[in-house]
Amino acid sequence: MQTREISIFQDGGLHDVTLLAFKSSVIIATVIILLCCWQERLLLSVLPRHVAMEMKADIAGTAKDTMFHKIYIQRYENVRSA
């Protein structure tokens, strides 16, 4: 059995390198999407949905050089335990 090595110097080599780069970019994009989904599920497991969505919108709307963002604290009064 003969294996084919991907190289720019073989026939169609540039095409092979381009195809390999495309496959790599698809794999990386898929991993990024999966990590974003995992990150959002983790966030929603810690914070209520409305707080998490407000926080995401605030972070997405600000400049990236900001080190700190708003602190999301709400105070509830007259809350009884069951």
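The values are calculated or read from the model by the stated rules, or taken from the named source; none is laboratory data. Note that the structure is predicted; figures quoted are calculated from it, not measured. Neighbour counts run over all protein chains shown; Cβ positions are idealised from the backbone, glycine included.
Could you pull out the residue among Ser24, Ser7 that is polar (S, T, N, Q), at pLDDT 90 or above and surrounded by 10 or more Cβ atoms within 10 Å (Cβ to Cβ)?
Values: Ser7 fails: at pLDDT 90 or above.
Exactly one residue qualifies, and that residue is Ser24.
Of all the residues in the stretch 34-59, those that are of a type in the set (Val, Ile, Thr) and either surrounded by fewer than 10 Cβ atoms within 10 Å (Cβ to Cβ) or on the phi > 0 side of the Ramachandran plot (or both) number 1.
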